[in-house]
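One structure is given below, encoded as C-alpha coordinates.
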Amino acid sequence: MKHIIIVGAGVSGLAAASRLIHNGLSPSSVTILEAQNHIGGRVHTIVTNEGIPLELGAQWVHGQEGNVVFEMGKAAQELNTDIQTLESSGFADNVVFGFEDYKICKEQVRELMQLIESLKETSKNDLSKWNKSLGEYYEEKFKEFLDGGSLSTLDRSVARAFFEWYHLMENVIDGSDSWEETCGSGHLHYQECPGDPLVTWKRGYSTLFNILMKDLPCCHNGLQMPLSDRILLNKAVDTIDWDPEGEKKIEITCTDGTLYVADFVIITSSLGFLKSNFDSFFVPSLPPFKKRAIQGLGFGTVDKIFIKFKNPWWSSDWGGVSLLRRRPEGVNGNVVRSQWSDHILGFYTVRLHPNMLIAWVTGKAAREAEKLSENEILEVCSTLLKKYVGADFAYTEPTGLIRSTWFNNPFILGSYSYRSMKSKEMNVWASDLAQPVYDSSGYPRLFFAGEATHDSFYSTVHGAVETGWREADRIAKYCNGFQNAKL
Ligand SMILES: Cc1cc2nc3c(=O)[nH]c(=O)nc-3n(C[C@H](O)[C@H](O)[C@H](O)COP(=O)(O)OP(=O)(O)OC[C@H]3O[C@@H](n4cnc5c(N)ncnc54)[C@H](O)[C@@H]3O)c2cc1C
(Lines give C-alpha, C1' and ligand atoms only; values in the text may rest on other atoms or scores of the structure.)
Protein backbone atom coordinates (compact mmCIF):
# COMPACT_ATOMS: atom_id res chain seq x y z
CA MET A 1 0.00 0.00 0.00
CA LYS A 2 1.32 3.43 -0.92
CA HIS A 3 1.59 6.00 1.82
CA ILE A 4 1.02 9.65 1.12
CA ILE A 5 1.99 12.45 3.47
CA ILE A 6 0.43 15.85 3.01
CA VAL A 7 2.32 18.74 4.57
CA GLY A 8 -0.26 21.26 5.76
CA ALA A 9 -3.96 21.09 6.67
CA GLY A 10 -4.91 24.30 4.90
CA VAL A 11 -7.64 24.22 2.29
CA SER A 12 -5.42 22.69 -0.41
CA GLY A 13 -4.18 19.95 1.95
CA LEU A 14 -7.71 19.06 3.07
CA ALA A 15 -8.92 19.09 -0.54
CA ALA A 16 -6.06 16.81 -1.59
CA ALA A 17 -6.70 14.32 1.21
CA SER A 18 -10.43 14.08 0.60
CA ARG A 19 -9.86 13.65 -3.14
CA LEU A 20 -7.26 10.92 -2.63
CA ILE A 21 -9.75 8.96 -0.58
CA HIS A 22 -12.46 9.66 -3.12
CA ASN A 23 -10.12 8.31 -5.75
CA GLY A 24 -10.09 5.02 -3.91
CA LEU A 25 -7.09 5.25 -1.62
CA SER A 26 -7.55 3.79 1.82
CA PRO A 27 -7.90 6.58 4.40
CA SER A 28 -5.15 4.93 6.42
CA SER A 29 -2.72 5.53 3.55
CA VAL A 30 -3.05 9.30 3.90
CA THR A 31 -1.57 11.36 6.74
CA ILE A 32 -1.75 15.14 7.03
CA LEU A 33 0.94 16.80 9.13
CA GLU A 34 -0.08 20.27 10.27
CA ALA A 35 2.37 22.53 12.10
CA GLN A 36 -0.21 24.67 13.86
CA ASN A 37 -2.72 23.71 16.53
CA HIS A 38 -5.65 24.13 14.15
CA ILE A 39 -6.57 23.26 10.60
CA GLY A 40 -7.37 25.77 7.87
CA GLY A 41 -4.18 27.78 7.45
CA ARG A 42 -5.09 31.09 5.85
CA VAL A 43 -8.78 30.34 6.24
CA HIS A 44 -9.06 31.19 9.91
CA THR A 45 -12.49 31.86 11.36
CA ILE A 46 -12.48 32.80 15.02
CA VAL A 47 -15.52 33.23 17.21
CA THR A 48 -15.69 36.46 19.22
CA ASN A 49 -16.80 36.71 22.86
CA GLU A 50 -20.25 37.51 21.49
CA GLY A 51 -20.28 34.14 19.71
CA ILE A 52 -20.06 35.63 16.21
CA PRO A 53 -17.64 34.37 13.54
CA LEU A 54 -14.88 36.74 12.41
CA GLU A 55 -12.48 36.07 9.55
CA LEU A 56 -8.77 36.72 10.14
CA GLY A 57 -7.94 35.39 6.69
CA ALA A 58 -10.16 34.66 3.70
CA GLN A 59 -13.65 36.06 4.01
CA TRP A 60 -15.24 36.18 0.56
CA VAL A 61 -16.01 33.64 -2.10
CA HIS A 62 -14.80 35.51 -5.15
CA GLY A 63 -17.35 34.94 -7.90
CA GLN A 64 -19.88 32.25 -8.67
CA GLU A 65 -19.48 30.72 -12.13
CA GLY A 66 -16.65 28.25 -12.33
CA ASN A 67 -15.88 28.67 -8.63
CA VAL A 68 -15.72 25.27 -6.93
CA VAL A 69 -16.01 26.80 -3.47
CA PHE A 70 -19.16 28.64 -4.49
CA GLU A 71 -20.59 25.42 -5.89
CA MET A 72 -19.87 23.47 -2.70
CA GLY A 73 -21.07 26.23 -0.37
CA LYS A 74 -24.24 26.78 -2.36
CA ALA A 75 -25.08 23.08 -2.49
CA ALA A 76 -24.66 22.92 1.28
CA GLN A 77 -26.86 26.05 1.64
CA GLU A 78 -24.12 27.69 3.66
CA LEU A 79 -23.65 30.84 1.58
CA ASN A 80 -25.39 34.18 1.69
CA THR A 81 -26.30 34.11 -1.98
CA ASP A 82 -29.26 36.46 -1.82
CA ILE A 83 -27.52 39.61 -0.57
CA GLN A 84 -24.90 41.79 -2.14
CA THR A 85 -22.24 42.28 0.49
CA LEU A 86 -20.07 45.24 -0.38
CA GLU A 87 -19.22 46.06 3.22
CA SER A 88 -15.57 46.36 4.21
CA SER A 89 -14.68 46.55 0.57
CA GLY A 90 -13.83 50.23 0.43
CA PHE A 91 -15.90 50.50 -2.75
CA ALA A 92 -19.30 50.51 -1.09
CA ASP A 93 -21.59 53.42 -1.85
CA ASN A 94 -21.94 54.35 1.79
CA VAL A 95 -18.18 54.77 2.30
CA VAL A 96 -16.95 58.35 2.41
CA PHE A 97 -13.61 59.46 0.96
CA GLY A 98 -11.84 62.24 2.73
CA PHE A 99 -8.76 64.12 3.81
CA GLU A 100 -8.31 65.02 7.45
CA ASP A 101 -10.07 68.34 6.92
CA TYR A 102 -12.32 67.74 3.96
CA LYS A 103 -14.58 65.02 2.47
CA ILE A 104 -14.99 64.75 -1.26
CA CYS A 105 -18.54 64.78 -2.55
CA LYS A 106 -20.31 61.64 -3.77
CA GLU A 107 -20.37 62.82 -7.42
CA GLN A 108 -16.63 63.33 -7.39
CA VAL A 109 -16.11 59.89 -5.83
CA ARG A 110 -18.31 58.35 -8.50
CA GLU A 111 -16.40 60.11 -11.29
CA LEU A 112 -13.05 59.01 -9.87
CA MET A 113 -14.31 55.44 -9.45
CA GLN A 114 -15.41 55.50 -13.09
CA LEU A 115 -11.99 56.73 -14.12
CA ILE A 116 -10.37 53.83 -12.26
CA GLU A 117 -12.85 51.38 -13.77
CA SER A 118 -12.11 52.62 -17.27
CA LEU A 119 -8.34 52.41 -16.64
CA LYS A 120 -8.83 48.84 -15.46
CA GLU A 121 -10.91 48.01 -18.51
CA THR A 122 -8.36 49.44 -20.96
CA SER A 123 -5.56 47.70 -19.10
CA LYS A 124 -7.02 44.31 -20.02
CA ASN A 125 -5.93 44.90 -23.62
CA ASP A 126 -2.84 46.98 -23.02
CA LEU A 127 -1.12 44.90 -20.37
CA SER A 128 -0.54 41.85 -22.55
CA LYS A 129 2.01 43.94 -24.49
CA TRP A 130 3.33 45.80 -21.44
CA ASN A 131 6.82 44.82 -20.29
CA LYS A 132 6.95 46.93 -17.18
CA SER A 133 5.17 46.85 -13.85
CA LEU A 134 1.47 47.30 -13.22
CA GLY A 135 2.31 50.48 -11.30
CA GLU A 136 4.22 51.99 -14.21
CA TYR A 137 1.25 51.26 -16.47
CA TYR A 138 -1.26 52.90 -14.15
CA GLU A 139 1.04 55.87 -13.47
CA GLU A 140 1.48 56.49 -17.18
CA LYS A 141 -2.24 56.27 -17.91
CA PHE A 142 -3.11 58.42 -14.95
CA LYS A 143 -0.61 61.07 -16.02
CA GLU A 144 -2.16 61.09 -19.49
CA PHE A 145 -5.52 61.68 -17.85
CA LEU A 146 -4.20 64.55 -15.69
CA ASP A 147 -2.36 66.10 -18.63
CA GLY A 148 -5.63 66.04 -20.54
CA GLY A 149 -6.17 69.37 -18.78
CA SER A 150 -9.83 68.97 -17.91
CA LEU A 151 -9.27 69.31 -14.16
CA SER A 152 -8.79 72.38 -11.96
CA THR A 153 -5.73 72.47 -9.64
CA LEU A 154 -7.92 71.44 -6.71
CA ASP A 155 -9.47 68.60 -8.65
CA ARG A 156 -6.02 67.49 -9.79
CA SER A 157 -4.80 67.16 -6.20
CA VAL A 158 -7.98 65.30 -5.21
CA ALA A 159 -7.65 62.99 -8.20
CA ARG A 160 -3.99 62.32 -7.34
CA ALA A 161 -4.88 61.51 -3.70
CA PHE A 162 -7.69 59.23 -4.86
CA PHE A 163 -5.32 57.48 -7.25
CA GLU A 164 -2.83 56.98 -4.40
CA TRP A 165 -5.64 55.45 -2.34
CA TYR A 166 -6.45 53.15 -5.21
CA HIS A 167 -2.83 52.01 -5.23
CA LEU A 168 -3.27 50.81 -1.62
CA MET A 169 -6.55 49.15 -2.58
CA GLU A 170 -4.81 47.33 -5.42
CA ASN A 171 -2.14 46.12 -2.96
CA VAL A 172 -4.91 44.60 -0.83
CA ILE A 173 -6.42 42.85 -3.85
CA ASP A 174 -3.19 41.84 -5.54
CA GLY A 175 -1.16 41.07 -2.43
CA SER A 176 2.00 42.83 -3.54
CA ASP A 177 3.78 45.40 -1.37
CA SER A 178 3.60 47.94 -4.17
CA TRP A 179 2.22 47.82 -7.69
CA GLU A 180 5.71 48.64 -8.95
CA GLU A 181 6.54 45.06 -7.92
CA THR A 182 3.59 43.53 -9.76
CA CYS A 183 4.26 42.40 -13.30
CA GLY A 184 1.89 44.19 -15.69
CA SER A 185 1.41 41.33 -18.13
CA GLY A 186 1.55 38.70 -15.36
CA HIS A 187 -1.34 40.50 -13.66
CA LEU A 188 -3.52 39.26 -16.51
CA HIS A 189 -2.94 35.65 -15.44
CA TYR A 190 -5.54 36.17 -12.71
CA GLN A 191 -9.01 35.15 -13.85
CA GLU A 192 -12.14 36.41 -12.17
CA CYS A 193 -15.11 34.08 -11.80
CA PRO A 194 -18.26 35.84 -13.03
CA GLY A 195 -20.91 36.68 -10.41
CA ASP A 196 -20.85 38.43 -7.05
CA PRO A 197 -17.16 38.74 -6.07
CA LEU A 198 -17.94 39.14 -2.38
CA VAL A 199 -20.14 36.21 -1.36
CA THR A 200 -20.03 35.51 2.39
CA TRP A 201 -20.61 32.38 4.48
CA LYS A 202 -23.54 32.12 6.84
CA ARG A 203 -21.46 30.56 9.63
CA GLY A 204 -17.94 31.53 8.63
CA TYR A 205 -15.44 30.31 6.05
CA SER A 206 -14.40 27.38 8.25
CA THR A 207 -17.66 25.68 7.24
CA LEU A 208 -15.76 24.79 4.09
CA PHE A 209 -13.61 22.36 6.11
CA ASN A 210 -16.69 20.41 7.15
CA ILE A 211 -17.87 20.34 3.59
CA LEU A 212 -14.53 19.07 2.33
CA MET A 213 -14.01 16.56 5.10
CA LYS A 214 -17.52 15.16 5.26
CA ASP A 215 -17.34 14.50 1.59
CA LEU A 216 -15.73 11.10 2.01
CA PRO A 217 -16.66 7.49 1.59
CA CYS A 218 -16.68 6.82 5.30
CA CYS A 219 -16.11 3.10 5.34
CA HIS A 220 -12.97 1.21 4.66
CA ASN A 221 -12.73 -2.49 5.53
CA GLY A 222 -15.84 -2.01 7.60
CA LEU A 223 -14.14 0.66 9.72
CA GLN A 224 -15.24 4.22 9.79
CA MET A 225 -12.33 6.56 9.37
CA PRO A 226 -13.13 10.22 8.98
CA LEU A 227 -10.50 12.44 7.49
CA SER A 228 -10.12 14.30 10.78
CA ASP A 229 -8.53 11.13 12.23
CA ARG A 230 -5.82 11.41 9.60
CA ILE A 231 -4.74 14.93 10.60
CA LEU A 232 -1.95 15.34 13.11
CA LEU A 233 -1.79 18.83 14.61
CA ASN A 234 1.31 20.51 16.08
CA LYS A 235 3.46 18.48 13.69
CA ALA A 236 5.83 20.93 12.03
CA VAL A 237 7.78 19.23 9.26
CA ASP A 238 11.44 20.09 9.54
CA THR A 239 12.99 18.20 6.62
CA ILE A 240 11.89 16.10 3.67
CA ASP A 241 14.58 13.63 2.65
CA TRP A 242 13.40 12.62 -0.80
CA ASP A 243 16.15 10.43 -2.30
CA PRO A 244 16.51 11.52 -5.95
CA GLU A 245 17.69 8.01 -6.86
CA GLY A 246 14.28 6.67 -5.84
CA GLU A 247 15.75 3.70 -3.99
CA LYS A 248 14.16 4.33 -0.63
CA LYS A 249 10.98 5.85 0.65
CA ILE A 250 10.78 9.54 1.46
CA GLU A 251 11.62 10.38 5.07
CA ILE A 252 9.78 13.25 6.69
CA THR A 253 11.19 14.47 9.98
CA CYS A 254 9.21 16.77 12.25
CA THR A 255 10.67 19.38 14.59
CA ASP A 256 9.66 17.17 17.55
CA GLY A 257 11.93 14.43 16.20
CA THR A 258 9.22 12.11 14.89
CA LEU A 259 9.85 10.43 11.57
CA TYR A 260 7.32 9.45 8.91
CA VAL A 261 7.94 7.56 5.70
CA ALA A 262 5.98 7.94 2.51
CA ASP A 263 5.94 7.05 -1.16
CA PHE A 264 4.71 10.49 -2.14
CA VAL A 265 4.59 13.84 -0.38
CA ILE A 266 2.27 16.70 -1.24
CA ILE A 267 3.71 19.98 -0.02
CA THR A 268 1.10 22.68 0.56
CA SER A 269 3.17 25.10 2.66
CA SER A 270 2.69 28.70 1.60
CA LEU A 271 5.06 30.27 -0.88
CA GLY A 272 6.20 32.49 2.00
CA PHE A 273 7.25 29.42 3.99
CA LEU A 274 8.97 27.88 0.97
CA LYS A 275 10.87 31.09 0.20
CA SER A 276 12.33 31.18 3.71
CA ASN A 277 12.96 27.48 4.17
CA PHE A 278 13.50 25.71 0.85
CA ASP A 279 17.28 25.46 1.29
CA SER A 280 17.13 23.41 4.47
CA PHE A 281 13.64 21.90 4.13
CA PHE A 282 14.43 19.57 1.23
CA VAL A 283 17.27 17.06 1.51
CA PRO A 284 18.93 17.03 -0.93
CA SER A 285 17.97 20.46 -2.16
CA LEU A 286 15.39 20.93 -4.89
CA PRO A 287 16.29 20.95 -8.59
CA PRO A 288 17.11 24.42 -9.96
CA PHE A 289 13.80 24.88 -11.84
CA LYS A 290 11.88 24.50 -8.60
CA LYS A 291 14.12 26.80 -6.59
CA ARG A 292 13.82 29.46 -9.29
CA ALA A 293 10.02 29.27 -9.17
CA ILE A 294 10.04 29.70 -5.39
CA GLN A 295 12.39 32.65 -5.62
CA GLY A 296 10.71 34.35 -8.56
CA LEU A 297 7.01 34.29 -7.72
CA GLY A 298 5.84 37.08 -5.43
CA PHE A 299 4.35 36.76 -1.96
CA GLY A 300 3.24 39.88 -0.07
CA THR A 301 1.59 40.79 3.23
CA VAL A 302 -2.00 41.89 3.79
CA ASP A 303 -3.29 42.28 7.34
CA LYS A 304 -6.61 43.05 8.97
CA ILE A 305 -6.99 45.11 12.13
CA PHE A 306 -10.43 44.90 13.75
CA ILE A 307 -11.01 47.76 16.21
CA LYS A 308 -13.62 47.23 18.88
CA PHE A 309 -15.80 49.92 20.45
CA LYS A 310 -18.24 49.69 23.33
CA ASN A 311 -20.98 51.02 21.05
CA PRO A 312 -20.99 52.24 17.47
CA TRP A 313 -20.49 56.01 17.44
CA TRP A 314 -21.20 56.16 13.70
CA SER A 315 -24.62 56.30 12.06
CA SER A 316 -26.24 53.15 10.71
CA ASP A 317 -25.99 54.36 7.09
CA TRP A 318 -22.23 54.99 7.30
CA GLY A 319 -20.02 52.31 5.72
CA GLY A 320 -16.67 53.75 6.73
CA VAL A 321 -14.01 56.18 5.59
CA SER A 322 -11.30 55.75 2.94
CA LEU A 323 -8.27 57.79 3.93
CA LEU A 324 -6.91 60.23 1.37
CA ARG A 325 -3.50 61.84 1.91
CA ARG A 326 -2.27 65.03 0.30
CA ARG A 327 1.19 66.25 1.25
CA PRO A 328 4.17 66.33 1.49
CA GLU A 329 4.87 65.29 -2.07
CA GLY A 330 7.82 63.17 -3.15
CA VAL A 331 10.06 63.81 -6.12
CA ASN A 332 7.70 62.27 -8.63
CA GLY A 333 4.62 63.89 -7.16
CA ASN A 334 3.52 60.84 -5.18
CA VAL A 335 2.50 61.05 -1.57
CA VAL A 336 5.41 60.26 0.74
CA ARG A 337 4.33 57.57 3.18
CA SER A 338 6.83 57.72 5.99
CA GLN A 339 4.93 55.85 8.70
CA TRP A 340 3.17 52.51 8.66
CA SER A 341 -0.13 54.21 9.39
CA ASP A 342 0.18 56.18 6.11
CA HIS A 343 -0.57 52.85 4.44
CA ILE A 344 -3.88 52.19 6.19
CA LEU A 345 -6.48 52.00 3.44
CA GLY A 346 -9.37 53.20 5.60
CA PHE A 347 -11.74 52.15 8.36
CA TYR A 348 -14.84 50.22 7.34
CA THR A 349 -17.82 48.67 9.10
CA VAL A 350 -17.83 44.90 9.58
CA ARG A 351 -20.74 42.64 8.72
CA LEU A 352 -22.30 40.97 11.80
CA HIS A 353 -20.12 43.06 14.12
CA PRO A 354 -21.93 46.34 14.78
CA ASN A 355 -19.30 47.53 17.29
CA MET A 356 -16.26 47.00 15.06
CA LEU A 357 -14.37 48.74 12.29
CA ILE A 358 -11.76 47.07 10.12
CA ALA A 359 -8.54 48.69 8.92
CA TRP A 360 -6.62 47.05 6.07
CA VAL A 361 -2.85 47.43 5.88
CA THR A 362 -0.39 45.96 3.41
CA GLY A 363 3.27 45.40 2.60
CA LYS A 364 6.14 46.72 4.69
CA ALA A 365 3.69 48.76 6.78
CA ALA A 366 1.75 45.59 7.68
CA ARG A 367 4.98 43.87 8.70
CA GLU A 368 5.92 46.88 10.85
CA ALA A 369 2.48 46.96 12.46
CA GLU A 370 2.76 43.28 13.33
CA LYS A 371 5.72 44.15 15.59
CA LEU A 372 3.75 46.74 17.57
CA SER A 373 1.74 46.10 20.70
CA GLU A 374 -2.04 46.19 20.54
CA ASN A 375 -2.05 49.43 22.54
CA GLU A 376 0.35 51.12 20.14
CA ILE A 377 -1.86 50.15 17.20
CA LEU A 378 -5.02 51.25 18.94
CA GLU A 379 -3.50 54.63 19.71
CA VAL A 380 -2.49 55.21 16.09
CA CYS A 381 -5.87 54.08 14.71
CA SER A 382 -7.80 56.15 17.22
CA THR A 383 -5.74 59.27 16.41
CA LEU A 384 -6.45 58.77 12.71
CA LEU A 385 -10.16 58.20 13.25
CA LYS A 386 -10.41 61.35 15.35
CA LYS A 387 -8.62 63.38 12.69
CA TYR A 388 -10.71 62.05 9.81
CA VAL A 389 -14.18 61.63 11.28
CA GLY A 390 -14.00 62.93 14.85
CA ALA A 391 -15.87 66.09 13.89
CA ASP A 392 -18.64 64.17 12.10
CA PHE A 393 -19.73 61.97 15.02
CA ALA A 394 -19.65 61.84 18.80
CA TYR A 395 -16.49 59.73 18.72
CA THR A 396 -15.61 57.40 21.61
CA GLU A 397 -12.29 55.64 22.23
CA PRO A 398 -11.86 51.98 21.19
CA THR A 399 -11.92 49.25 23.79
CA GLY A 400 -9.73 46.64 22.12
CA LEU A 401 -8.60 45.02 18.90
CA ILE A 402 -8.30 41.72 17.11
CA ARG A 403 -5.78 41.49 14.30
CA SER A 404 -4.08 39.13 11.91
CA THR A 405 -0.30 38.71 11.95
CA TRP A 406 0.19 36.66 8.81
CA PHE A 407 3.81 37.62 8.30
CA ASN A 408 4.81 36.69 11.84
CA ASN A 409 3.27 33.26 11.49
CA PRO A 410 6.36 31.10 10.80
CA PHE A 411 4.29 28.64 8.74
CA ILE A 412 2.72 31.26 6.47
CA LEU A 413 5.16 34.23 6.37
CA GLY A 414 2.92 36.55 4.38
CA SER A 415 -0.55 36.54 2.91
CA TYR A 416 -0.91 35.51 -0.73
CA SER A 417 1.00 35.18 -3.97
CA TYR A 418 1.14 37.56 -6.91
CA ARG A 419 2.89 37.79 -10.26
CA SER A 420 6.02 39.81 -9.58
CA MET A 421 8.44 41.61 -11.89
CA LYS A 422 10.97 39.04 -10.69
CA SER A 423 8.74 36.21 -12.03
CA LYS A 424 8.88 37.90 -15.40
CA GLU A 425 12.65 38.51 -15.31
CA MET A 426 13.26 34.90 -14.31
CA ASN A 427 10.45 33.62 -16.54
CA VAL A 428 9.00 31.44 -13.79
CA TRP A 429 5.30 31.02 -13.24
CA ALA A 430 2.80 29.03 -11.20
CA SER A 431 3.09 26.06 -13.55
CA ASP A 432 6.79 25.77 -12.58
CA LEU A 433 5.89 25.72 -8.90
CA ALA A 434 3.18 23.14 -9.62
CA GLN A 435 5.55 20.75 -11.43
CA PRO A 436 6.29 17.62 -9.38
CA VAL A 437 9.88 16.71 -8.61
CA TYR A 438 10.86 13.37 -10.15
CA ASP A 439 13.46 10.84 -9.10
CA SER A 440 16.12 9.57 -11.50
CA SER A 441 13.90 6.72 -12.68
CA GLY A 442 11.27 9.20 -13.79
CA TYR A 443 8.75 8.76 -10.98
CA PRO A 444 7.34 11.80 -9.25
CA ARG A 445 8.09 12.02 -5.55
CA LEU A 446 7.32 15.54 -4.40
CA PHE A 447 4.04 17.15 -5.39
CA PHE A 448 3.22 20.81 -4.88
CA ALA A 449 -0.23 22.21 -4.16
CA GLY A 450 -1.45 25.47 -2.63
CA GLU A 451 -2.83 28.72 -3.98
CA ALA A 452 0.51 29.89 -5.40
CA THR A 453 0.61 26.89 -7.74
CA HIS A 454 -2.61 27.85 -9.54
CA ASP A 455 -2.19 29.41 -13.00
CA SER A 456 -5.21 31.68 -12.82
CA PHE A 457 -6.95 31.43 -9.42
CA TYR A 458 -3.82 32.06 -7.33
CA SER A 459 -4.33 33.99 -4.07
CA THR A 460 -7.80 32.52 -3.55
CA VAL A 461 -9.48 29.70 -1.66
CA HIS A 462 -11.08 28.22 -4.77
CA GLY A 463 -7.64 28.20 -6.38
CA ALA A 464 -6.19 26.39 -3.36
CA VAL A 465 -8.96 23.75 -3.45
CA GLU A 466 -8.39 23.09 -7.15
CA THR A 467 -4.65 22.61 -6.64
CA GLY A 468 -5.28 20.04 -3.90
CA TRP A 469 -7.59 18.12 -6.21
CA ARG A 470 -5.11 18.45 -9.09
CA GLU A 471 -2.28 16.85 -7.13
CA ALA A 472 -4.51 14.14 -5.67
CA ASP A 473 -5.59 13.20 -9.19
CA ARG A 474 -2.01 13.22 -10.36
CA ILE A 475 -0.98 10.88 -7.53
CA ALA A 476 -3.91 8.54 -8.08
CA LYS A 477 -2.75 8.09 -11.64
CA TYR A 478 0.76 7.26 -10.51
CA CYS A 479 -0.46 4.99 -7.72
CA ASN A 480 -2.19 2.82 -10.29
CA GLY A 481 0.92 2.87 -12.42
CA PHE A 482 3.04 1.98 -9.42
CA GLN A 483 0.73 -0.83 -8.40
CA ASN A 484 1.52 -2.54 -11.66
CA ALA A 485 5.12 -1.56 -11.94
CA LYS A 486 7.29 -0.49 -9.07
CA LEU A 487 7.37 -0.16 -5.28
C1 LIG B 1 -5.84 38.40 5.04
C2 LIG B 1 -6.25 37.43 3.96
C3 LIG B 1 -7.46 37.59 3.31
C4 LIG B 1 -7.83 36.71 2.30
N5 LIG B 1 -9.05 36.87 1.72
C6 LIG B 1 -9.47 35.97 0.80
C7 LIG B 1 -10.80 36.00 0.33
O8 LIG B 1 -11.61 36.84 0.76
N9 LIG B 1 -11.18 35.07 -0.60
C10 LIG B 1 -10.31 34.12 -1.07
O11 LIG B 1 -10.71 33.31 -1.93
N12 LIG B 1 -9.04 34.04 -0.59
C13 LIG B 1 -8.62 34.92 0.34
N14 LIG B 1 -7.37 34.82 0.88
C15 LIG B 1 -6.43 33.80 0.34
C16 LIG B 1 -6.74 32.41 0.87
O17 LIG B 1 -6.90 32.45 2.26
C18 LIG B 1 -5.59 31.47 0.51
O19 LIG B 1 -5.35 31.54 -0.89
C20 LIG B 1 -5.86 30.00 0.85
O21 LIG B 1 -6.46 29.86 2.12
C22 LIG B 1 -4.54 29.26 0.80
O23 LIG B 1 -4.71 27.89 1.13
P24 LIG B 1 -3.47 26.90 1.00
O25 LIG B 1 -3.94 25.57 1.37
O26 LIG B 1 -2.83 27.11 -0.32
O27 LIG B 1 -2.39 27.43 2.04
P28 LIG B 1 -2.45 27.62 3.62
O29 LIG B 1 -3.78 28.06 4.04
O30 LIG B 1 -1.29 28.50 3.95
O31 LIG B 1 -2.20 26.16 4.18
C32 LIG B 1 -0.93 25.61 4.33
C33 LIG B 1 -0.86 24.91 5.67
O34 LIG B 1 0.42 24.31 5.76
C35 LIG B 1 0.88 24.41 7.10
N36 LIG B 1 2.33 24.29 7.06
C37 LIG B 1 3.22 25.11 6.48
N38 LIG B 1 4.47 24.65 6.66
C39 LIG B 1 4.37 23.50 7.37
C40 LIG B 1 5.31 22.58 7.88
N41 LIG B 1 6.64 22.76 7.72
N42 LIG B 1 4.86 21.49 8.55
C43 LIG B 1 3.53 21.28 8.71
N44 LIG B 1 2.59 22.16 8.27
C45 LIG B 1 3.01 23.26 7.61
C46 LIG B 1 0.38 25.78 7.54
O47 LIG B 1 0.32 25.89 8.94
C48 LIG B 1 -0.99 25.83 6.87
O49 LIG B 1 -2.00 25.35 7.73
C50 LIG B 1 -6.97 35.66 1.93
C51 LIG B 1 -5.77 35.46 2.61
C52 LIG B 1 -5.41 36.33 3.62
C53 LIG B 1 -4.12 36.10 4.35
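The values are calculated or read from the model by the stated rules, or taken from the named source; none is laboratory data. Keep in mind that what you see is a predicted model, and the values were worked out from it rather than measured. Note that we place each Cβ from the backbone using ideal geometry, even for glycine, and neighbour counts take in every protein chain shown. For accessibility, only protein heavy atoms count, side chains too; no ligands or nucleic acids. Shrake-Rupley method; radii C 1.70, N 1.55, O 1.52, S 1.80 Å.
Below, the figures for the structure above:
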read-out: Peptides 339-351, 458-470, 386-398 ordered by average Cβ neighbours within 10 Å, highest first; value: 458-470, 339-351, 386-398
read-out: Theoretical ellipticity at 222 nm over the chain - DSSP helices of four or more residues, -39500 (n - 2.57) apiece, nearest 500; value: -10500 deg cm²/dmol
read-out: For region 21-60, the spread of Cα positions along each principal axis, largest first, Å; value: 41, 22, 17
read-out: For region 171-284, average projected area of the Cα convex hull in nm²; value: 12.3
read-out: Estimated translational D of region 91-148 in µm²/s (Stokes, Kirkwood radius over Cα pairs; 10 °C; 1.306 mPa s); value: 121
read-out: Computed P(r) (all Cα pairs; region 433-472; 10 Å bins; percent); value: 35, 43, 18, 3
read-out: Folded to 0 to 90 degrees: helix 106-126 orientation relative to the chain principal axis, Cα; value: 40
read-out: Rounded accessible area of ARG156 (nearest 10 Å², 1.4 Å probe); value: 90
read-out: Debye log10 I(q)/I(0) for the chain, one point scatterer per Cα, at q = 0.07, 0.08, 0.13 Å⁻¹; value: -0.39, -0.51, -1.25
read-out: All-pairs alpha carbon distance profile, region 240-364, 10 Å steps from 0, percent; value: 10, 24, 19, 18, 17, 10, 1
read-out: Under the Karplus curve 6.51 cos²θ - 1.76 cosθ + 1.60, θ = phi - 60°, whole-Hz ³J(HN,Hα) for region 460-476, x wherever Gly or Pro sits; value: 10, 6, 5, x, 4, 4, 4, 5, x, 5, 4, 6, 4, 5, 5, 5, 4
read-out: Per residue, in Å², the accessible surface of the chain once ligands and nucleic acids are set aside, probe 1.4 Å; value: 42
read-out: Overall dimensions of region 234-307 by Cα: Rg and Dmax, Å; value: 14.7, 55
read-out: Selection from TYR166, GLY442, SER276 lying farthest towards where the dipole of the chain points positive, charges on Cβ; value: GLY442
read-out: Cross-link pairs LYS103/LYS304; LYS120/LYS275; LYS106/LYS132; LYS235/LYS275; LYS235/LYS291 - those with Cα-Cα distance over 27 Å; value: LYS120/LYS275; LYS106/LYS132
read-out: Alpha-carbon centroid distance for the pair region 30-51 / region 363-385, whole angstrom; value: 25
read-out: For region 177-207 and region 247-276, distance of Cα centres in Å; value: 29
